[in-house]
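Contents: one structure, followed by commentary.
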Amino acid sequence: MVSSSRGGSESLHDSVDEALLLKRKSEEVLFHLNGRCIYLVGMMGSGKSTVGKILAEVLGYSCFDSDKLVEQAVGMPSVAQIFKVHSEAFFRENESSVLRDLSSMRRLVVATGGGAVIRPINWNYMKKGLSVWLDVPLDALAKRISQVGTASRPLLDQPSDDPYTAAFTKLSMLAEQRGEAYANADARVSLEEIAAKQGHGDVSKLTPTDIAIEALLKIGNFVTEEPAVHGQVDSQSRKMQAL
Ligand SMILES: Nc1ncnc2c1ncn2[C@@H]1O[C@H](COP(=O)(O)OP(=O)(O)O)[C@@H](O)[C@H]1O
Ligand SMILES: O=C(O)C1=C[C@@H](OP(=O)(O)O)[C@@H](O)[C@H](O)C1
Ligand SMILES: [Mg+2]
């Protein structure tokens, strides 16, 4: 579990509170999910792989990272190498095959690659489950990526004296090209909204656990508002049963 940066007993209480909140929220959504998979979408560096692991753990789901599955399928150690030896188009074909295979499975959290949203066929696969967009301001993405480096992200990997500005410029171009593609997701988790709710407005203070809690909240809103799914009881029927 990722704890906040505060120290001593305050930090311990925060961690316990977060863990309890995560558990409670996951129990609330599990019934309505009825085994459906969760697909995390969002730009490079938005935290899909990191938050995916937390969500899978609390939901008792398995976590898969589509980039890793493409590496396995192709038999190469990194996405960067696949782009270099083959091409982006080859990577995208394999990414779609991986998403197709995953779409017939249940109880998975899938951290997709940032570009998975651009192919309509991938949405056919992801719509078998529930998709969640991690919406992170470009400035925060560029800061994260310039800290960890771009070696594993070939679309951002250009030599530069100013890694932050280089990442920011390229991410802005990609965001423009991808337009509204991320907004096809069933639920949106906005880091700006979470930071505003916490009263500080600083997205860099949000832990992956904060984001996972918000994701469960948004998933909960989606699943309780959708029409009843076959074999499931909708929220109205549950209220009636409780009377
Ligand atoms: N909430 C967060 N705050 C700070 N750094 C984060 C947060 N979430 C993820 N990171 C870091 O940002 C980088 C990108 O995260 P990752 O989960 O790999 O994103 P994605 O899979 O969306 O590209 C990683 O180094 C990760 O440790
Ligand atoms: O946005 C993209 O087009 C890409 C995102 C990467 O995944 P992450 O979003 O996990 O970094 C990876 O699939 C590849 O480098 C291309
Ligand atoms: Mg990732």
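The values are calculated or read from the model by the stated rules, or taken from the named source; none is laboratory data. All values reported here derive from a predicted model rather than from experimental measurement. Using ideal geometry, Cβ is built from the backbone for each residue, glycine included, and neighbour counts are taken over all protein chains shown. Side chains included, ligands, DNA and RNA excluded: accessible areas come from the protein's heavy atoms. Shrake-Rupley method; radii C 1.70, N 1.55, O 1.52, S 1.80 Å.
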*Taking region 50-63 as the search range and keeping residues that are open to solvent by 10 Å² or more (accessible area, probe 1.4 Å) and not hydrophobic (A, V, I, L, M, F, W, C), which one is nearest to ligand 3 (Cβ to nearest atom)?*
50
*Within region 15-44, can you find the residues that are in contact with a helix residue (DSSP H, G or I) (Cβ under 7 Å, 6 or more places away or on another chain) and either assigned to a helix (DSSP H, G or I) or hydroxyl-bearing (Ser, Thr, Tyr) (or both)?*
18, 21, 22, 23, 25, 26, 28, 29, 30, 32, 33, 39
*In region 22-44, residue farthest from ligand 3 (Cβ to nearest atom) [restricted to those that are within 19 Å of the chain's Cα centre (by Cα), open to solvent by 10 Å² or more (accessible area, probe 1.4 Å) and of a type in the set (A, V, I, L, M, F, W, C)]*: 30
*asked:* For the structure I just gave you, tell me whether residue 88 is in contact with an Asp or Glu (Cβ under 9 Å, 6 or more places away or on another chain), under 22 Å from residue 178 (Cβ atoms) and acidic (Asp, Glu).
replied: no
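Does residue 47 satisfy the condition of being open to solvent by less than 20 Å² (accessible area, probe 1.4 Å) and either touching a helix residue (DSSP H, G or I) at 6+ places or on another chain (Cβ under 8 Å) or closer than 27 Å to residue 225 by Cβ (or both)?
In short, yes.
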*Would you check which residues across region 134-165 are of a type in the set (Ser, Thr, Tyr), open to solvent by less than 50 Å² (accessible area, probe 1.4 Å) and in a loop (DSSP other than H, G, I, E, B) and list them?*
150
*Have a look at 131, 78 and point out the one that is more than 14 Å from the chain's Cα centre (by Cα) and either closer than 22 Å to residue 152 by Cβ or open to solvent by less than 20 Å² (accessible area, probe 1.4 Å) (or both).*
78
